[in-house]
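Read-outs throughout are calculated quantities, based only on the coordinates presented, and are distinct from any laboratory measurement. Since the model is a prediction, treat every value here as computed from it, not as a measurement. Here the Cβ positions follow ideal geometry from the backbone for every residue, glycine too, while neighbour counts run over all protein chains shown.
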Amino acid sequence: MRLLLVEDSERLRATLVRALARLGYAVDEARDGDEAMAHAKVNTYDAIILDLMLPGKSGLELLETWRRGGDLSPVIILTALASVADRVRGLALGADDYLVKPFAIEELAARLEALMRRHRGQADSRIRVADLEIDLAARLVRRGGAPLSLTAREFSVLECLARHPGRVFSREQIEIRIYGESESPLSNAVDAAIYSLRRKLSPGDEPPLIHTRRGLGYVLQEPS
């Protein structure tokens with residue numbers, strides 16, 4: 001899933017990008033309002049992590065601009081401002097959640113997943129396709145009840161396909177969802193991840209769940 005992180009502290013921004021990347025998120029980063037606006041004009045994000053105290057445009061000004069322009073991307077605010085008035089103003093302008101600094105990475109990750117799940121109207125964090133179960137919150141995968149060990153990148157590719165079972169994704173669409181703008185994936189990165197996923201999802205004689213649509217892309221669906 002693809003995120004936009006807007007944070008002026010270089011140290012905190014780098015820490016968050018590394019932590020979120022380890023969890024399999026693709027993260028575009030912005031250090032001020034102008035960079036954030038430029039990113040949001042050309043990309044669609046599953047969620048935006050927005051600091052309030054920014055040089056130039058404040059986080060609240062950015063949020064107000066996005067909402068007035070019709071951008072409904074889920075937004076979680078990061079703030080050192082702990083007053084009730086500041087939190088209420090952010091929520092009134094359209095923020096979906098907030099975290100007061102300092103915070104734990106684990107809490108941010110949990111809130112992000114819950115936020116995106118609510119945005120999709122999905123009450124449960126688990127996705128099931130045939131005998132495959134994917135727990136998005138715990139980032140666990142089982143097939144036939146047996147746990148599977150996936151890398152962060154493999155999980156991201158599977159999550160992309162599993163959120164829309166039956167929908168065909170091109171290689172380019174998958175790359176956009178799992179790689180940030182600062183990353184330059186190898187030309188066969190998605191194909192390699194799909195190949196590895198197929199082996200892990202069907203370690204025995206289980207019927208395949210990921211299928212290739214020649215000339216179109218890949219789809220996750222129940223066996224025929």
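Please give the calculated 222 nm ellipticity per residue for the chain, where each DSSP H segment of at least 4 residues contributes -39500 (n - 2.57) and the sum is spread over every residue; nearest 500 deg cm²/dmol? Don't skip to the end; give the middle numbers.
Working: 8 runs with 89 residues, N = 224.
That calculation yields -12000 deg cm²/dmol at 222 nm.
Tally Lys/Arg at +1 and Asp/Glu at -1 over every other residue whose Cβ is under 13 Å from the Cβ of residue 173; what's the total? Working shown, then result.
Values: positive: 2, 163, 167, 171, 177, 213; negative: 172, 175.
Summing Lys/Arg as +1 and Asp/Glu as -1 gives +4.
For residue 101, go through the lysines and keep the ones whose alpha-carbon is under 24 Å away, minus same-chain ones fewer than eight residues off.
Correct list for residue 101: 57.
For region 75-224, with the dipole built from +1 on Lys and Arg beta-carbon atoms and -1 on Asp and Glu ones, taken about the Cα centre, which of 207, 99, 88 lies farthest toward the positive end?
207
How much length, in nm to one decimal, is gained on full extension between residue 92 and residue 200, taken as 0.36 nm per residue of separation minus their Cα-Cα distance?
On the way: separation 108, 0.36 × 108 = 38.88 nm, distance 4.54 nm.
Here the segment from residue 92 to residue 200 would lengthen by 34.3 nm.
Full-extension gain between residue 224 and residue 68, please, as 0.36 nm times their residue separation minus the C-alpha to C-alpha distance. Working shown, then result.
Values: separation 156, 0.36 × 156 = 56.16 nm, distance 4.57 nm.
51.6 nm is the gain from fully extending residue 224 to residue 68.
Find which of 219, 157, 130 sits farthest along the positive direction of the dipole of region 126-220, computed with +1 on the beta-carbon of Lys and Arg, -1 on that of Asp and Glu, about the Cα centre.
Of 219, 157, 130, it is 130.
Would you kindly state how much longer the chain becomes between residue 18 and residue 118 on full extension, computed as 0.36 nm times their sequence separation minus their alpha carbon distance, in nm to one decimal?
Values: separation 100, 0.36 × 100 = 36.00 nm, distance 2.52 nm.
Length difference between fully extended and current span is 33.5 nm.
Report the charge-dipole magnitude of the chain in Debye, nearest 20, computed about the Cα centre from +1 at each Lys and Arg Cβ and -1 at each Asp and Glu Cβ. Let's see the in-between values first.
Numbers: 32 positive and 33 negative charges, 114 e Å.
Dipole of the chain, to the nearest 20 debye: 540 debye.
Rounded to the nearest 0.05, what FRET efficiency do residue 103 and residue 213 give with R0 = 41 Å and r taken as the Cβ-Cβ distance? Could you check? Could you put the intermediate results ahead of the total?
Values: r = 42 Å, r/R0 = 1.03.
Once rounded, the FRET efficiency stands at 0.45.
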